[in-house]
Amino acid sequence: MVMHTMRHPATRFVLLFELTVLSGLPGYAQNKTACELLSKTDAEAVLGVMLQPPKPQAPFRSLLDPDFTSGTPDQRCAFTNFVPNQPKPPKVVNVGLEVRYSSKPDAHAVDEAHKQVDTRTYDHPTDLPGLGDAAFWIGPPNNVTLFVFLGGTTQLMIGPSDIGLEQEKALAVKALAALRKTGFSYGTQSTGFTRPKLANPGPNQTALDRLKRTLTAKADAGDAKAQLALGRLYQSGALAPNGTAQHDYAGAAYSYHQASDRGEVQASYELANLYHDGLGLPANASQSFQLLQKAAEANYVPAMSPLSDAYAE
């Protein structure tokens, strides 16, 4: 995702490979440190360069870390072919491998990872069958991040990198070889968003109903501007017979979420406000905070002041 309008910063001639394993693995894990999970020889075979001896390293930002700072040196290993004060190689390679272990299988781990990506980035997950028990990737061809899930307790994150999806998959296969195969089935849980219902077409439709139907058709086709406009319509509401406004905050949240996922920074900001106030969905200070960060890091000025307030709190 994402804290990280985060669009996964691509660096020229620099490979960043980040592998995250969240695993309880009581039956098949050896609780290896990051530098034990992927060997120097295996990494060199995939990357096609000679590497320096790998070194433990404290992790930096990760889409699978709630606070981006919870890792320890045994959870991250750095591989590189660059040595300071020596001639620079034709292609500089910096490879980071990050490892986590936990004890409880989570059938909704894929959904949670999707949620982190949705909240923290403007990339769209693409499912990738045949790797681990579940996998997906995000990003453009020259800046891919790969997520692989195994056994309900293991998550691998490779990238962002400019080596392409196929080489990232090859790195994942090398890492997965250190773990026993499983047949874990990942389930789907509710996103918390409710798709609004449209009024039935007919002579009794109002102009507002017709506008919603038109915008919904465009929104369903992936038009982020239409999704944002729908969110505004639902949030503004319709006039009741007594002259008061009937707000549909749940419908607004649904549409803002769609637009935020497609790069509309105002939608991220509006959805953060709904999370903050508990309108249309349960109040969630963490989600509100992350969406404000997402909007602010995309230079959306209205998000900056409430974000500073959130930091102060």
message = For the stretch 121-194, what does the relative contact order come out to in percent, with C-alpha contacts under 8 Å and a separation of six or more?
response = 25 percent
Dipole of the chain [Lys/Arg +1, Asp/Glu -1 at C-beta], most positive-end residue of 256, 243, 272 = 256
request  = Quick one: order 234, 256 by neighbouring beta-carbon count within 10 Å, fewest to most.
outcome  = 234, 256
ask   = What residues qualify as long-range amide H neighbours of residue 76, i.e. H under 5 Å apart, gap of 5 or more or another chain, H built at 1.01 Å from N?
value = 34, 57, 99
ask   = Computed from the mean reciprocal separation of all distinct C-alpha pairs, what Kirkwood hydrodynamic radius does the stretch 207-312 have, in Å?
value = 14.0 Å
Segment residue 299-residue 82, extension gain: residue separation times 0.36 nm, minus the distance between their alpha carbons = 74.7 nm
ask   = With labels modelled as points extended 7 Å from the Cα through the Cβ direction, what inter-label distance (nm, one decimal) is found for residue 200 paired with residue 221?
value = 2.7 nm
inquiry  = Counting other beta carbons within 10 Å of each residue's own, what order do 168, 112 fall into, fewest first?
reply    = 112, 168
query = For residue 244 and residue 124 in the same chain, what is the full-extension length gain: residue separation times 0.36 nm, less their Cα-Cα distance, in nm?
reply = 39.3 nm
task = Sticking to Cα atoms, compute the Rg of the stretch 34-176 to one decimal and its Dmax as the biggest Cα-Cα distance, whole number, in Å.
result = 15.1, 48
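To check you understand DSSP bridge types, tell me what percent of the beta bridges within the chain (both residues inside) are antiparallel, rounded to 5.
95 percent
Taken together, the values in this text are just the output of simple stated rules run on the coordinates, not laboratory data. All values derive from a computational prediction rather than experimental measurement. Neighbour counts run over all protein chains shown; Cβ positions are idealised from the backbone, glycine included.
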